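Right, one structure below, let's go through it.
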Amino acid sequence: LWSPQIEHKFDWGWKKVHTYRPYFEEVRSMPQTESSKKVKKSKGNEEPVTDTAVLKVLTYLAPRNTEVLQVLAALQLSSSTNSISYNELKDGCLRKMLTGADQNLKNIIKELSDHKMIGQGRDAEGIKQVFVPPAIPLQDIINFKGGITQRR
């Protein structure tokens, strides 16, 4: 595209700005399966999630996804039930200006589900519910600050 003489006339500044982060630590703590497309819902025979595995996953997630998870954990902690309605989570994210469109929140929830950080279901009335699984400590999620947890 550029001849060496013309390219030399410009003052180029080259920086690597890729967003490829290794996710070895995250995958290491997950149960091994044959194929993610062939996996069916298990009946409780999964390996338990450890605190360090959760913190590693939080470290590698996009900041917006981590903030949505923190909103969910805070709502779940303040709620008397173990799950939060999707609309309640959407309102909480709108208040904190994390997501503007419904599709953005759905994409974030899908990614968090893929990482096994949240679960989804429907209640008796058919309302979509989201929740942080009981094995994951809610307080650790809420206190997470970009790679470092703030213990009290």
Is there a residue in segment 98-111 that is over 15 Å from residue 58 (Cα atoms) and touching a strand residue (DSSP E or B) at 6+ places or on another chain (Cβ under 8 Å)? no
From the list 89, 94, 77, which residue is over 13 Å from residue 146 (Cα atoms), open to solvent by 50 Å² or more (accessible area, probe 1.4 Å) and in contact with a helix residue (DSSP H, G or I) (Cβ under 6 Å, 6 or more places away or on another chain)? 77
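Is it true that some residue in segment 61-73 is exposed (fewer than 11 other Cβ atoms within 10 Å of the Cβ), of a type in the set (D, E, K, R) and either modelled with pLDDT of 85 or more or within 17 Å of the chain's Cα centre (by Cα) (or both)? Spell out the reasoning first.
Taking segment 61-73 first, the residues exposed (fewer than 11 other Cβ atoms within 10 Å of the Cβ) are 63.
Checking which are of a type in the set (D, E, K, R) leaves us with none.
So far as segment 61-73 goes, no, none of its residues is exposed (fewer than 11 other Cβ atoms within 10 Å of the Cβ), of a type in the set (D, E, K, R) and either modelled with pLDDT of 85 or more or within 17 Å of the chain's Cα centre (by Cα) (or both).
The values are calculated or read from the model by the stated rules, or taken from the named source; none is laboratory data. From a predicted model like this one, the values you see are computed outputs, not experimental measurements. Note that each Cβ is placed from the backbone with ideal geometry, even for glycine, and that neighbours are counted across all protein chains shown. Protein only, heavy atoms only, side chains kept; ligands, DNA and RNA dropped before computing areas. Shrake-Rupley method; radii C 1.70, N 1.55, O 1.52, S 1.80 Å.
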